[in-house]
Every structure is written in C-alpha cells, then in structure tokens.
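What follows is a single structure, written as structure tokens, with notes after it.
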Amino acid sequence: LYAAAWDSGLWVYDVSNVANQAPVFLGSAPGNNTHSSWPTADGRYVVTGEENAFGGIKVFRIITDGGFQMNQTDSLVLPQSQAISVHNQYVVGYRLYNAWYQAGMRAFDIDPVTGKLQAAASYDTYPGTSGGFSGAWGIYVDENHNILTSDISSGLFVVGHDCNENSIDDQTD
C-alpha cells in the first residue's frame with residue numbers, strides 16, 4: 001500500500017496478509033503536501049505528487065533486497081508560468097500520466113533501469129494563465145489507451161494516445 005501522507009510524505013505498508021494480520025509498515029520517504037502516489041505495475045518505482053505552490057512529482061525506486069529501502073531517482077517541478085502544481089497521476093507500465101492544473105495532461109516515460117523521467121506527450125486542457133487551483137484535476141487511462149483528463153474549468157477531455165508515439169490526438173472535447 002502506497003499512502004500519500006500529506007506533510008509526512010509517502011508511507012509504504014505490506015498489506016499482503018491483512019486477513020490475518022494488521023498492515024506492516026515498511027518505510028517512508030519525505031514529502032511536502034504529498035497528495036497522491038502511484039506505483040509502476042511491477043512495484044519497482046512509485047511516483048508521488050506534491051500539491052502546493054511549486055508542487056511537483058518525485059520518483060522513488062523501491063529496493064527489497066535485504067530489507068526495504070526507497071531511493072529518489074528523479075523529480076520534476078514545472079515553472080510557475082506553466083502551472084502552480086501537480087494534482088494526480090496514473091501509471092500504466094512505465095508511462096506516467098499527470099493532471100497538472102494549468103499545464104493540463106503531461107505524460108512521461110520512467111526509465112526502467114535508472115528511474116529518470118523523459119517527457120512523452122502533453123495536452124493542454126486549460127486556456128487560462130497559471131495561478132490558483134484551476135485546470136486539470138483528474139487523470140485516468142482506459143484499456144484502449146484513451147486518456148481521460150478532468151478539468152475543473154473546462155470539463156472532461158478524452159484524448160487518444162498511441163503509447164509507442166510521442167503524439168496524442170484529441171478525440172472528444
């Protein structure tokens with residue numbers, strides 16, 4: 001279980017046997033206003049989002065050989081001219097999708113070896129300027145690789161994305 005613990009950062013628990021025992025605390029990583037977290041499908045990495053002015057994302061590698069450890073491998077904060085903060089994320093494989101308020105949807109590839117981020121795609125849902133908590137709020141990717149981004153000001157955007165390409169096509173606005 002990857003728990004966003006606000007001013008306490010990220011807390012990780014083993015919940016594999018909750019029918020017979022309470023969750024087992026494995027470890028934590030620091031954070032400030034840690035609002036959301038999402039692991040890669042194989043559990044090698046977890047990404048957190050910090051919702052505050054200058055709030056960005058952090059990537060942590062999970063190491064379980066000989067115990068439990070988390071090491072930060074990368075982080076990203078967008079300039080205030082683009083967005084005040086990240087809000088939520090969703091990971092499919094090693095592709096990270098973020099709802100990044102005024103910057104809209106941002107997608108990044110997480111390198112499976114280094115944990116470094118590489119920009120993959122973006123779609124701006126918010127026509128206004130940066131400031132306040134307006135713009136892209138929620139993010140989800142369905143089984144057809146459609147990216148659903150909810151925008152506080154503009155509504156729902158459904159965007160098609162070929163996961164092997166760095167481009168996206170607007171399907172519904």
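Hey, can you tell me all the residues within the range 142-173 that are at pLDDT below 80 and part of a strand (DSSP E or B)? Before the answer, list the steps.
Here is the first cut: in the range 142-173, the ones at pLDDT below 80 are 161-173.
Those that are at pLDDT below 80 and part of a strand (DSSP E or B): HIS161, ILE168, ASP169, ASP170, GLN171, THR172.
Looking only at the range 109-129, filter to residues that are in contact with a Phe, Trp or Tyr (Cβ under 8 Å, 6 or more places away or on another chain) and open to solvent by 10 Å² or more (accessible area, probe 1.4 Å); which one of those is modelled with the lowest pLDDT? Outline the logic, then answer.
Going through the range 109-129, the residues in contact with a Phe, Trp or Tyr (Cβ under 8 Å, 6 or more places away or on another chain) turn out to be 109-112, 115, 117-120, 123, 125-126.
With the extra rule that they be open to solvent by 10 Å² or more (accessible area, probe 1.4 Å), the set shrinks to 109, 111-112, 117-119, 123, 126.
Working: ASP109: 97, ASP111: 98, PRO112: 97, LEU117: 98, GLN118: 97, ALA119: 96, TYR123: 93, TYR126: 90.
My answer is TYR126.
For ASN71, indicate whether it is more than 16 Å from PHE133 (Cα to Cα), at pLDDT 95 or above and either loosely packed, with under 15 Cβ neighbours inside 10 Å or out of contact with any Phe, Trp or Tyr (no Cβ under 6 Å at 6 or more places or on another chain) (or both). Outline the logic, then answer.
Details: more than 16 Å from PHE133 (Cα to Cα): yes; at pLDDT 95 or above: yes; either loosely packed, with under 15 Cβ neighbours inside 10 Å or out of contact with any Phe, Trp or Tyr (no Cβ under 6 Å at 6 or more places or on another chain) (or both): yes.
For ASN71, the condition - more than 16 Å from PHE133 (Cα to Cα), at pLDDT 95 or above and either loosely packed, with under 15 Cβ neighbours inside 10 Å or out of contact with any Phe, Trp or Tyr (no Cβ under 6 Å at 6 or more places or on another chain) (or both) - is met.
Do the conditions hold for ILE139, that is, is it β-branched (Val, Ile, Thr) and modelled with pLDDT of 95 or more? Can you show your working first?
Numbers: β-branched (Val, Ile, Thr): yes; modelled with pLDDT of 95 or more: yes.
Yes: the conditions hold for ILE139.
The values are calculated or read from the model by the stated rules, or taken from the named source; none is laboratory data. Because the structure is a prediction, the values reported are computed rather than measured. Positions of Cβ are backbone-derived with ideal geometry, glycine not excepted, and every protein chain shown enters the neighbour counts. The area values use the complete protein model at the heavy-atom level, side chains included, leaving out ligands, DNA and RNA. Shrake-Rupley method; radii C 1.70, N 1.55, O 1.52, S 1.80 Å.
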